[in-house]
Amino acid sequence: MSKPFIVEDPNLEYLEAARPEGRPQDAPAARPAPAEDFKVIGRRTPRIDGAKIVTGRARYTHDLHFDGLLHAKILRSPHAAAEVLSIDLSSALAYPGVKAALKLREGRVRWAGEQVAAVAATSEAAAEEALALVKVDYKVLPHVVDDLEAGRPDAPLVADQANLQPFNAFDRGEIDKGFAEAEVIIERAYRTNWEVHQPAETHASIAKWDGRVLTVWDSTQAVHSVRDALARVLQIPAADVRVVKHYMGGGFGSKLGLNDHTVVAARLAKETGRPVKITLTRQENSFCVGYRPSTRFTVRIGAKKDGTITALHMKNLNCGGVGRGDRCSEPFVDVYRIPHLKIEESSVFVNACGSRATRAPGHTQATLALEGAMEELAAALKMDPLQLRRKNYTAKSQGDTSLPYSLKRLEDCYKAGAEAIGWGRRNKAPGAGSGRYRRGMGMASQIWPGAGVPGTLAELRIHPDGTIEVECGTQDIGCGTRTHIAVVAAETLGFEPRDIVVKIGDSDYPWAPISGGSLTTPSVAPAIRDAALKAVDYLKGLASPKLGAPPEDLALGGKRVFVKAAPEKAVEWKELMKSIRRIAYFHGERAGHPSDTFAFQTFGAHFAEVEVDTRTGKIRVLKHVAAHDIGRVVNRQTAESQVIGGVTQGLSAALFEEKLMDPETGAMVNPNYHDYKVATALDVPEIVPLFIDVPDERLNNLGVKGLGEPPRIPSSAAVANAVFNALGVHVGEIPMTPPRVLAALKRKEAGR
Ligand code: MOS
């Protein structure tokens with residue numbers, strides 16, 4: 001079936017990339033060294049570029065300037081549905097300072113904010129003013145922005161097929177049999193709303209042509225993907241395109257693929273022969289570059305009195321504007337032993353910008369519903385919710401029906417997390433407290449692939465003066481990638497991280513995957529390790545005759561190669577490099593992993609404590625413990641930052657964040673930081689990151705997995721469950737705004 005209208009979000013490719021299955025495999029990875037051998041890896045290493053970032057010397061795409069630079073602005077449809085009958089650029093082109101203008105859309109527009117025309121001028125102000133002179137003749141059509149409205153048979157069609165479409169189905173066992181075996185059955189509804197990525201740095205691109213060669217500086221999570229996509233769209237060879245990204249203020253999935261405005265910049269630059277810059281405003285960033293799609297779950301779950309789950313039936317209606325929403329089945333399929341399982345998901349189209357992958361797409365929404373149902377089932381069984389999770393623990397993937405996990409330390413996460421929060425202090429019966437302020441504790445489990453991508457490349461170079469340089473076409477989206485690369489190279493070569501020169505963020509460098517899907521560290525670190533181990537062998541080989549000792553008796557440290565048994569017998573690197581009189585290159589590659597015999601996942605468990613004001617409906621999170629099993633920790637300091645960020649984002653989604661649409665105009669009503677609420681420092685409690693820190697030896701030469709998304713997955717669910725424990729009623733929807741909390745309390749009073 002052809003669906004030309006649907007934004008087939010290229011970003012969704014990343015979910016496939018995040019799954020190791022189906023990728024070419026080569027030899028299983030070498031066994032990683034034991035932790036006691038490591039001096040730098042696993043330690044707290046401050047960012048090697050931290051001072052540069054906090055003193056404003058790090059250059060973001062917004063900061064870049066070029067001689068002759070033009071600024072472009074995009075005219076966007078004010079209508080959620082319309083026919084663009086004609087566009088007249090003549091007045092805009094005649095405006096002082098304007099160098100070029102483009103028509104971007106004739107025909108149907110399907111959401112308010114869709115690109116219609118663009119203007120490039122010598123200043124941002126001139127471009128903005130000229131934009132107002134573009135004359136567009138629209139034939140306005142009926143629109144729909146509400147997911148339930150859109151599903152009705154008489155709703156305006158968003159495209160040329162029914163708005164409501166089946167999306168995803170999964171069956172295991174026999175669902176009726178499973179419910180027949182159950183002694184306790186509950187059915188609950190959960191809803192998550194549209195959540196905007198809100199990176200601190202808005203999207204930005206600068207395009208510059210030198211003859212047939214195009215260079216683009218882009219605020220992106222994927223220099224290689226943007227390079228390839230630009231070449232495809234512009235129909236030029238990929239070898240003639242270079243994409244550069246030095247520093248970035250976050251992406252969270254909204255900057256995974258090629259953006260429409262980047263193509264506009266390239267076209268305007270071509271037409272004018274000058275570099276062209278486009279930076280999106282905070283407003284544009286709020287309604288033009290995606291959001292987390294919404295969900296409406298119904299979960300029916302049955303269990304024996306001892307807590308053994310017999311059946312689960314999940315239905316979900318998701319909505320991602322003119323695009324597909326998120327598939328939310330995986331946590332239901334994988335996390336617990338559920339012998340009889342039925343999943344039915346559908347998607348409904350509305351007149352809004354297509355959603356985009358947002359930090360752990362599908363998993364965050366699914367976890368709110370699955371873990372909410374677990375907590376409510378535990379209450380119905382009068383059982384400790386942690387005990388219920390343990391009772392249905394799996395050693396194998398697919399709910400214990402498929403491959404064994406290479407390593408699963410979720411039980412350790414449960415233990416460490418429960419102890420750190422003081423799990424014994426929770427209300428044994430939800431809602432047991434009294435008075436205006438009620439406290440409660442909740443938890444949630446997490447899985448996420450995060451295994452990394454075989455074939456990731458890196459190059460390590462040793463210069464004749466003994467300095468080390470590492471080059472990799474990965475990118476730092478704000479997590480500290482330069483530092484983890486330096487840590488791995490320094491560890492292997494006996495240096496300090498600050499001594500390593502790290503070059504990343506350029507599509508001319510060796511291939512690395514998108515920085516998304518929690519792929520960066522488990523893809524890049526093993527490639528760096530591989531290159532560095534080759535350099536070690538090489539240096540030992542050079543030193544061996546000089547020291548009169550076999551290579552296996554040698555070690556590296558302090559920019560010297562020395563004899564292990566007699567460290568005073570040593571030779572300086574500089575001396576060794578002098579003898580070859582040129583730079584030495586070492587190519588590293590991240591090997592394959594045995595995904596035909598083992599399943600690889602990251603695991604985690606969050607525990608939250610909250611206080612709810614039952615008079616105002618306001619929720620305060622008091623403490624949040626996040627325990628994670630991500631294999632070996634490369635840099636404890638940036639790993640902790642990652643967890644603190646993920647918890648904060650989940651707390652923010654649980655309490656505040658919601659993209660609101662005006663049904664009359666079809667436009668977003670809160671596209672700014674004033675009306676779209678994001679958690680501030682005052683909302684963030686004590687967050688305790690805990691790591692199990694055991695290497696997953698089968699996965700790669702360091703035993704590392706990804707951590708980008710895991711801490712976001714169970715964070716809002718744990719907060720919602722803590723509110724349930726405080727009040728004795730689940731709010732059932734995030735964000736848990738005060739009116740929703742008060743409505744839940746009314747439901748409880750009414751016994752519904
Ligand atoms: Mo992401 S949604 O892996 O940036």
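Selection of first residues in the range 453-470 that are within 16 Å of ARG560 (Cβ to Cβ) and of second residues that are open to solvent by 50 Å² or more (accessible area, probe 1.4 Å) and assigned to a strand (DSSP E or B), restricted to Cβ pairs under 7 Å at least 6 apart or on distinct chains, gives the following pairs, ordered by first then second residue: THR467/VAL501; ILE468/VAL501.
Taken over the range 682-701, the residue count meeting the criterion of being of a type in the set (Val, Ile, Thr) and free of Cβ contacts under 8 Å to residues at least 24 places away in the same chain is 0.
Within the range 64-105, the residues that satisfy the criterion of being surrounded by 14 or more Cβ atoms within 10 Å (Cβ to Cβ), free of Cβ contacts under 8 Å to residues at least 60 places away in the same chain and not hydrophobic (A, V, I, L, M, F, W, C) are GLU83, ASP88, SER91, TYR95, GLY97, LYS103, ARG105.
Which of the residues that make up the range 616-645 are touching an Asp or Glu at 6+ places or on another chain (Cβ under 6 Å), in a strand (DSSP E or B) and closer than 19 Å to ALA605 by Cβ?
So in the range 616-645, the residues touching an Asp or Glu at 6+ places or on another chain (Cβ under 6 Å) come out as 620, 622-623, 631, 633.
Next, from what is left, pick out any that are in a strand (DSSP E or B): 620, 622-623, 631.
Once the filter is applied, which keeps residues that are touching an Asp or Glu at 6+ places or on another chain (Cβ under 6 Å), in a strand (DSSP E or B) and closer than 19 Å to ALA605 by Cβ, the range 616-645 yields LEU622, LYS623, GLY631.
When you scan the range 367-379, do you find a residue that is open to solvent by 10 Å² or more (accessible area, probe 1.4 Å), among the aliphatic types (A, V, I, L, M) and more than 14 Å from the ligand (Cβ to nearest atom), even just one? Steps first, answer last, please.
Our first condition is that a residue be open to solvent by 10 Å² or more (accessible area, probe 1.4 Å); within the range 367-379, this holds for 376, 379.
If we keep only those that are among the aliphatic types (A, V, I, L, M) as well, we get 379.
Filter once more, keeping what is more than 14 Å from the ligand (Cβ to nearest atom): 379.
Yes, some residue in the range 367-379 is open to solvent by 10 Å² or more (accessible area, probe 1.4 Å), among the aliphatic types (A, V, I, L, M) and more than 14 Å from the ligand (Cβ to nearest atom).
If the condition is being within 26 Å of the chain's Cα centre (by Cα) and open to solvent by 50 Å² or more (accessible area, probe 1.4 Å), then the range 421-476 contributes only LEU457.
Look at ALA525 and say whether it is surrounded by fewer than 24 Cβ atoms within 10 Å (Cβ to Cβ) and closer than 30 Å to VAL335 by Cβ.
Details: surrounded by fewer than 24 Cβ atoms within 10 Å (Cβ to Cβ): no; closer than 30 Å to VAL335 by Cβ: yes.
In short, no.
Pairing each residue of the range 233-255 that is outside the structural domain of GLY354 (by TED's automatic domain parsing) with any residue that is more than 16 Å from the ligand (Cβ to nearest atom) and of a type in the set (A, V, I, L, M), provided the two are 6+ apart or on different chains, yields C-beta distances under 6 Å for VAL233/VAL263; ALA238/ALA231; ASP240/VAL213; VAL241/LEU214; VAL241/LEU230; VAL241/ALA231; VAL243/VAL216; TYR247/ALA58.
Residues of the range 230-237 include at least one that is modelled with pLDDT of 95 or more, more than 20 Å from the chain's Cα centre (by Cα), surrounded by 19 or more Cβ atoms within 10 Å (Cβ to Cβ) and more than 14 Å from the ligand (Cβ to nearest atom). Tell me, yes or no, whether the range 261-274 has at least one residue that is open to solvent by less than 30 Å² (accessible area, probe 1.4 Å), in contact (Cβ under 8 Å) with a residue 60 or more places away in the chain and within 16 Å of the ligand (Cβ to nearest atom). No, every residue in the range 261-274 fails to be open to solvent by less than 30 Å² (accessible area, probe 1.4 Å), in contact (Cβ under 8 Å) with a residue 60 or more places away in the chain and within 16 Å of the ligand (Cβ to nearest atom).
Those strands (runs of 3 or more DSSP E) of the range 109-226 in which at least 3 residues are open to solvent by less than 20 Å² (accessible area, probe 1.4 Å) and closer than 30 Å to ILE504 by Cα, considering only elements entirely within it, cover 204-210, 213-218. If the condition is being among the basic types (Lys, Arg) and either at pLDDT below 95 or touching a Leu at 6+ places or on another chain (Cβ under 9 Å) (or both), then the range 701-744 contributes only LYS705.
Of all the numbered requirements in (1) open to solvent by less than 40 Å² (accessible area, probe 1.4 Å); (2) of a type in the set (Ser, Thr, Tyr); (3) over 23 Å from PHE724 (Cβ atoms), SER402 misses one, and that requirement is (1).
Quick test for you: out of VAL731, VAL647, pick the one residue that is free of Cβ contacts under 8 Å to residues at least 24 places away in the same chain and open to solvent by less than 30 Å² (accessible area, probe 1.4 Å).
Details: VAL647 fails: free of Cβ contacts under 8 Å to residues at least 24 places away in the same chain.
On inspection, the qualifying residue turns out to be VAL731.
If only residues of the range 659-698 that are buried (at least 18 other Cβ atoms within 10 Å of the Cβ) and either within 16 Å of the ligand (Cβ to nearest atom) or among the charged types (D, E, K, R) (or both) are counted, the one that is nearest to ASN635 (Cα to Cα) is ASP693. Restricting ARG337, ARG359 to those that are open to solvent by 10 Å² or more (accessible area, probe 1.4 Å), within 14 Å of the ligand (Cβ to nearest atom), basic (Lys, Arg) and not in a strand (DSSP E or B) reduces the list to ARG359.
Given the structure, is LEU542 touching a helix residue (DSSP H, G or I) at 6+ places or on another chain (Cβ under 7 Å), aliphatic (A, V, I, L, M) and over 25 Å from PRO522 (Cβ atoms)? Before you say what the answer is, go through the steps one by one.
Numbers: touching a helix residue (DSSP H, G or I) at 6+ places or on another chain (Cβ under 7 Å): yes; aliphatic (A, V, I, L, M): yes; over 25 Å from PRO522 (Cβ atoms): yes.
Yes: the conditions hold for LEU542.
Scanning the range 341-356 for residues that are within 24 Å of TYR393 (Cα to Cα) and buried (at least 23 other Cβ atoms within 10 Å of the Cβ) turns up just one, LEU341. If you go through the range 318-334 and pick out every residue that is surrounded by 24 or more Cβ atoms within 10 Å (Cβ to Cβ) and assigned to a loop (DSSP other than H, G, I, E, B), you end up with 4. Residues in the range 699-719 that are in contact with a Phe, Trp or Tyr (Cβ under 8 Å, 6 or more places away or on another chain) and more than 15 Å from the ligand (Cβ to nearest atom): LEU699, ALA718.
Residues checked against (1) within 16 Å of the ligand (Cβ to nearest atom); (2) in contact (Cβ under 8 Å) with a residue 60 or more places away in the chain:
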| residue | (1), (2) |
| --- | --- |
| THR474 | yes, no |
| GLY480 | yes, yes |
| LEU493 | no, yes |
| GLU496 | no, yes |
| ILE500 | no, yes |
| ILE504 | no, no |
| ASP508 | no, yes |
| PRO513 | yes, yes |
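Just one of (1) part of a strand (DSSP E or B); (2) crowded, with 17+ Cβ neighbours inside 10 Å; (3) not assigned by TED's automatic domain parsing to the domain that holds LYS408 fails for GLU568. It is (2).
The residues of the range 238-257 that are in contact with a strand residue (DSSP E or B) (Cβ under 9 Å, 6 or more places away or on another chain), more than 25 Å from GLY56 (Cβ to Cβ) and within 16 Å of the ligand (Cβ to nearest atom) amount to a single one, GLY253.
Out of all the residues in the range 719-737, which are in a helix (DSSP H, G or I) and over 17 Å from VAL299 (Cβ atoms)? Spell out the reasoning first.
The first filter runs over the range 719-737 and keeps only residues in a helix (DSSP H, G or I), leaving 719-727.
Passing the criteria: VAL719, ALA722, VAL723, ASN725, ALA726, LEU727.
When ASN427 is evaluated against the numbered criteria (1) in a loop (DSSP other than H, G, I, E, B); (2) within 16 Å of the ligand (Cβ to nearest atom), which criterion, by number, is the only one it fails? All conditions are met except number (2). Take the conditions (1) within 16 Å of the ligand (Cβ to nearest atom); (2) open to solvent by 10 Å² or more (accessible area, probe 1.4 Å); (3) touching a strand residue (DSSP E or B) at 6+ places or on another chain (Cβ under 6 Å); ARG292 misses just one of them, which is (2).
Yes or no: the range 297-310 includes at least one residue that is open to solvent by less than 40 Å² (accessible area, probe 1.4 Å), under 29 Å from GLY708 (Cα atoms), touching a residue at least 60 places away in the same chain (Cβ under 8 Å) and assigned to a helix (DSSP H, G or I). Talk me through it step by step, then tell me what you get.
We begin by selecting, within the range 297-310, every residue open to solvent by less than 40 Å² (accessible area, probe 1.4 Å); these are 297, 299, 301-303, 307, 309-310.
Next, only the ones that are under 29 Å from GLY708 (Cα atoms) stay: 297, 299.
Narrowing the set further to residues that are touching a residue at least 60 places away in the same chain (Cβ under 8 Å) leaves 297, 299.
In the following step, the residues that additionally are assigned to a helix (DSSP H, G or I) were identified as none.
The answer is no; no qualifying residue exists.
The values are calculated or read from the model by the stated rules, or taken from the named source; none is laboratory data. The model shown is predicted, which means the values in this text are computed figures rather than measured ones. When we count neighbours, we look across all protein chains shown, and the Cβ atoms used for this are built from the backbone with ideal geometry, even at glycine. All accessible areas refer to the heavy atoms of the entire protein, side chains included, with ligands and DNA or RNA removed. Shrake-Rupley method; radii C 1.70, N 1.55, O 1.52, S 1.80 Å.
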